[in-house]
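Each remark here refers to the structure printed beneath this line.
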Amino acid sequence: MAADPYQILGVSRSAGEKDIKSAYRKLAKELHPDRNKDNPRAAERFSEVTRAYDLLSDKDKRAQFDRGEIDIDGNPMGFGGGGFGGGFGGQGGAHRGFRTEGFGGADEGIDLGDIFEGLFGGGRGGRGPGSGTQGGGFGGGPRGRAAPKGANVQYRLNVSFADAATLAPQRITLADGKTIDLKLPQGVEDGTQMRLAGKGEPGPGGAGDALVTIQIQPHAFFKRDGDNIRLDLPVSLDEAVAGAKVKVPTVDGAVMLTVAPGSSSGKTLRLKGKGFTRKDGTRGDQLVSLEIALPTDDADLARRLEGWRDTRALRAKLGV
């Protein structure tokens, strides 16, 4: 039996785009190769789930599949899925809505015009007898499905944190030794999969695809927060008290940031447009949290603070 993308994702045939996407994300997270390194079946299921989502997320291909025109890989289907399906009175699959209980004029639901259109390729948009339709018919044309494509090939591409945020071009070497430059998609996330059509294994019906899973590498001091990037920035006591301009690293390079006089630890400053690239092409921000770094064993500082007490009720809100 041909693979059914609805069954693979566990959704009904009437499921909306949101339900299909939700089902795919749940399964992709559960079956991701990084979480199932010792489970080859999970990798197969991950590929299967991705293949099903690729079809159902494309409105045109989904409609073609629902009409029985293509299979889950997008290959064209033959008439009735392989020939005429059992003749006039048989129980092979009915096509285009007519029933196949028999051939008598008293049977309801039979459209003789559709039957002969299917047999001889005439009627609506059809071709004449012997024109080689995929349905087989009486014209002597090929029967059954088109030749299958070659297998898809899975790849994993490690991308640095900064490259993922700025969508820097990437390069990947395929199994055949060829090198391809890739443009990362807007809104890229860890686990995003890119499809390279025709870059898989060769087959009678053409080459399969290369499926490239993006793996974003962690960074030493940047942390991703949705489309934003967070950074804890150490500042000296004098910079916090008197204010200063300090150099701050970003994924685009270092920039100068103004620290206002009297800044406290934990205060968060925002650098606009220094985060990850969103699907609409805009970028998130970089959120910089100040951390006051007090010097240790500083006799001069201790002498200056001798006898001084901070009279503010710093812990009043804690009830202590």
Query - Number of the condition not met by Gly198 [criteria: (1) under 23 Å from Arg51 (Cβ atoms); (2) small (Gly, Ala, Ser); (3) surrounded by 18 or more Cβ atoms within 10 Å (Cβ to Cβ)] - result: (3)
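When you go through Leu31, Leu56 one by one, which is the residue that is touching a residue at least 24 places away in the same chain (Cβ under 8 Å) and crowded, with 19+ Cβ neighbours inside 10 Å?
On the way: Leu31 fails: touching a residue at least 24 places away in the same chain (Cβ under 8 Å).
Among Leu31, Leu56, only Leu56 is touching a residue at least 24 places away in the same chain (Cβ under 8 Å) and crowded, with 19+ Cβ neighbours inside 10 Å.
Quick one: is Ala175 assigned to a loop (DSSP other than H, G, I, E, B), more than 23 Å from Tyr53 (Cα to Cα) and of a type outside the set (S, T, N, Q)?
On the way: assigned to a loop (DSSP other than H, G, I, E, B): yes; more than 23 Å from Tyr53 (Cα to Cα): yes; of a type outside the set (S, T, N, Q): yes.
Considered against the rule, which asks whether it is assigned to a loop (DSSP other than H, G, I, E, B), more than 23 Å from Tyr53 (Cα to Cα) and of a type outside the set (S, T, N, Q), Ala175 comes out as yes.
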Requested in this report: Could you grab the pairs with beta carbons closer than 6 Å, sequence gap of 6+ or different chains, first residue in the range 188-207 and closer than 25 Å to Asn158 by Cβ, second one in a loop (DSSP other than H, G, I, E, B) and among the polar types (S, T, N, Q)?
Outcome: Gly200/Asn152
Report task. Only residues that are surrounded by fewer than 16 Cβ atoms within 10 Å (Cβ to Cβ) and of a type in the set (D, E, K, R): list them for the range 144-183, please. Result -> Arg156, Arg171, Asp176, Lys178, Asp181, Lys183
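Rundown of residues vs (1) of a type in the set (A, V, I, L, M, F, W, C); (2) surrounded by 17 or more Cβ atoms within 10 Å (Cβ to Cβ), yes/no style:
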residue	(1), (2)
Thr213	no, yes
Arg224	no, yes
Asp232	no, no
Ser236	no, no
Ser264	no, no
Leu271	yes, yes
Phe276	yes, yes
Query raised in the report: Can you name the condition, by its number, that Ala43 falls short on among (1) at pLDDT 85 or above; (2) in contact with a helix residue (DSSP H, G or I) (Cβ under 6 Å, 6 or more places away or on another chain); (3) part of a helix (DSSP H, G or I); (4) surrounded by fewer than 17 Cβ atoms within 10 Å (Cβ to Cβ)?
Result: (1)
Report task. Pull up the range 4-36, narrow it to residues that are within 17 Å of Leu211 (Cβ to Cβ) and not in a helix (DSSP H, G or I), then point me to the one that is farthest from the chain's Cα centre (by Cα). Result -> Asn36
Query - Of the criteria (1) under 20 Å from Asp190 (Cα atoms); (2) in a helix (DSSP H, G or I), which one Leu55 fails - result: (1)
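The values are calculated or read from the model by the stated rules, or taken from the named source; none is laboratory data. Treat the numbers as computed from the prediction; the structure is a model and nothing was measured. Note that we place each Cβ from the backbone using ideal geometry, even for glycine, and neighbour counts take in every protein chain shown.
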